[in-house]
Amino acid sequence: MRYKKITLHTLRLSVLTMWIHSGAGVSETEVFNGGTYELTAQSYAEGIEARNQAQVNNKPGQALSLSSGGTEKTAVKASGEGTSVMLQGTENQKITVNTEADGDAYGLWAIENATLTLKHMDITLKGANDTAVAVQTEGKVDIGSSTLSGTENQFYGLWATGKNTEVTGHQLKITSQGADSRAVSSYSAQLTLKDSTVSINGKNAWGIVTYESGRVAGHHLDIKAGGQGAKDISANNNSTVDIQNSTLSSIGDNARGIIAFNSARVTGHHLEIRAEGQGARAIDANQNSTVDIQDSTLSSIGDNAIGIIAFNSAKVTGHHLAIMAEGQGASAIYPTHNSTIHLHDSHIQTLATLSAIFASDEDATDTTVSITGGSLHAAGDLILSAGGKTNLVFSRVVISPPGSGHAIHFTGTGGEVDLTLNQTALSGNIVAEGENKARVTLDSGSTWSFKENATVTALTHAGKVVFDPLMTARRLLASRQTITRAMPGKSCFTPAWKATIRRRIN
């Protein structure tokens, strides 16, 4: 459906381009063909068009309103290299741009190397599938101190396509109440957005979306997306997105803070990401995509919510993060397929008893998660395996005893967890029975302590394995367990273990 939309949109733009060159369909629109012009009228209900190196600007201090009532359904159009339109209102007297209610219209449109310079604009879209600012084929747009708003479905705020197309927006306020709307879209184009707010509500409403090697940079943004399937940022098809010093909030079932597909790359620094709703995810990385987030907070709230999830060879890295997952069935980290997740000096917690810091399923073919520094605090399980194979490496991590008592909890069959501890203390039970497998490796600076019978497939350690001594002698006799006093390099275990104990030779 998404690609159908792209095709129809491109077709419509191509048809309009042919109309321009043929000279047809422009009789109702004020045309400026070469030369320099100043807009003297206060209202252009049929819109204006500048072409053939025309230079057009508004009269300073005079009220100005433009509408898309012409045949071409565009309020302001600029085409051709050397053509430019400069419209600058003031804080108290903004230039107004409106589209008609019949839909498929444009507020402002720059194509074929034309330039638009816009300031203090009030752009209102009244129809479905309307676009506030459209830029293509190497057009250039700079827009600042302006509002872009609409209430109908398929609202498009800033829409740019083309490898050498450039859009710069600053101090913008973009709002929409329609389903399937997009505040900012880049198809191969370069788009920079600064000091701006986005509030977009409706089913499948998205804040920023990129395709086809599009490039988006954002600084000091406040993005709010609401509705089922809402997304703050969606990066696709080798595109790149870099967001700095910004707040991302998505609310609704299956909401996403950041989602990346098809070799896209997303980087972020000093972000506050909050995804709320059933199945919500703060970061969702797919299909060879790369996500790198630093010095940020991530919150996922709702039943089955996930902080970070990675699929299909995706890679997620994080430094100095605070990650929180709240809700029944929630998990902070969810690696699957053959994805990798590396987190450094980060603090991760879950708040519900039926939850896990790390969760995996049968699709985890050979995932890898490494945690270096930081802390883990699980209100439920530390590690939950419903199948598949997961490799976990904890180095110098402070781990609180899990609220459920489970260090590794197997809920399915055929799950495999390889856990390596480096200078890390682990507390909690591990029971790998049936076809489930748990392999635990401890270096000389690590310990593993537990209170109940433990069953592991392999234990390789040069550290300390401790059976909690608080269990009474009567309980020990009743369960026929034997205990060996914990000493460095020695193990405490029960005969019930189905384990291979191997001492590391130093």
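The values are calculated or read from the model by the stated rules, or taken from the named source; none is laboratory data. Computed from a predicted structure; not experimentally measured. Quick reminder, even Gly has a Cβ in these numbers, built from the backbone with ideal geometry, and neighbours come from all protein chains shown.
Structure summary
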{"item": "Residues located in the range 167-192, provided they are within 18 Å of Ala225 (Cβ to Cβ) and outside any strand (DSSP E or B)", "result": "Gln177, Gly178, Ala179, Asp180, Ser181"}
{"item": "Criterion: more than 21 Å from the chain's Cα centre (by Cα) and surrounded by fewer than 19 Cβ atoms within 10 Å (Cβ to Cβ) - qualifying residue of Ser395, Ser385, Ser404", "result": "Ser395"}
{"item": "Where a residue in the range 431-442 is over 8 Å from Val417 (Cα atoms) and of a type in the set (S, T, N, Q) and its partner, wherever it lies, is at pLDDT below 95 and assigned to a loop (DSSP other than H, G, I, E, B), with Cβ under 8 Å and at least six apart", "result": "Asn436/Gly412; Asn436/Thr413; Asn436/Gly414"}
{"item": "Elements of type strands (runs of 3 or more DSSP E) contained in the range 368-469, each with 1 or more residues being at negative phi, of a type in the set (D, E, K, R) and at pLDDT 95 or above", "result": "381-385, 389-395, 416-422, 437-442"}
{"item": "Test result for Leu421, among the hydrophobic types (A, V, I, L, M, F, W, C) and either closer than 19 Å to Glu362 by Cα or within 32 Å of the chain's Cα centre (by Cα) (or both)", "result": "yes"}
{"item": "Filter result for Gly415 (within 20 Å of Gly307 (Cα to Cα) and of a type outside the set (Lys, Arg))", "result": "no"}
{"item": "Selection count, the range 307-335, where residues are of a type in the set (Val, Ile, Thr) and either more than 16 Å from Val266 (Cα to Cα) or assigned to a loop (DSSP other than H, G, I, E, B) (or both)", "result": "2"}
{"item": "Subset of the range 154-166 that is more than 17 Å from Thr124 (Cα to Cα) and in a strand (DSSP E or B) - its residue that is farthest from the chain's Cα centre (by Cα)", "result": "Glu166"}
{"item": "Members of the range 336-367 found to be assigned to a strand (DSSP E or B) and over 17 Å from Ile430 (Cα atoms), listed by number", "result": "Thr340, Ile341, His342, Leu343, His344, His347, Ile348, Gln349, Thr350, Thr367"}
{"item": "Residue list for the range 57-70, restricted to those being under 24 Å from Lys126 (Cβ atoms) and either surrounded by 15 or more Cβ atoms within 10 Å (Cβ to Cβ) or in contact with a Ser or Thr (Cβ under 6 Å, 6 or more places away or on another chain) (or both)", "result": "Asn58, Leu64, Ser65, Leu66, Ser67, Ser68, Gly69, Gly70"}
{"item": "Residue count for the range 321-336, restricted to those that are surrounded by 18 or more Cβ atoms within 10 Å (Cβ to Cβ) and either touching a Cys at 6+ places or on another chain (Cβ under 7 Å) or not aliphatic (A, V, I, L, M) (or both)", "result": "7"}
{"item": "Selection count, the range 32-68, where residues are part of a loop (DSSP other than H, G, I, E, B), in contact with a Gly (Cβ under 7 Å, 6 or more places away or on another chain) and not hydrophobic (A, V, I, L, M, F, W, C)", "result": "5"}
{"item": "Filtered residues of the range 231-269 (kept if buried (at least 24 other Cβ atoms within 10 Å of the Cβ), of a type outside the set (Val, Ile, Thr) and over 13 Å from Val198 (Cα atoms))", "result": "Ser234, Ala235, Ser239, Gly252, Ala255, Arg256, Gly257, Ala260, Ala264, Gly268"}
{"item": "Qualifying residue in the range 400-419 (condition: of a type in the set (Val, Ile, Thr) and closer than 30 Å to His269 by Cβ)", "result": "no"}
{"item": "Among the candidates Thr290, Thr317, residue that is touching a Lys or Arg at 6+ places or on another chain (Cβ under 8 Å) and surrounded by fewer than 24 Cβ atoms within 10 Å (Cβ to Cβ)", "result": "Thr290"}
{"item": "Residue in the range 80-87 that is hydroxyl-bearing (Ser, Thr, Tyr), more than 19 Å from Trp159 (Cα to Cα), over 32 Å from the mean Cα position of the chain (by Cα) and surrounded by 23 or more Cβ atoms within 10 Å (Cβ to Cβ) present", "result": "yes"}
{"item": "Candidates Ala356, Ala379 - the one that is crowded, with 23+ Cβ neighbours inside 10 Å, out of contact with any helix residue (DSSP H, G or I) (no Cβ under 9 Å at 6 or more places or on another chain) and of a type outside the set (S, T, N, Q)", "result": "Ala356"}
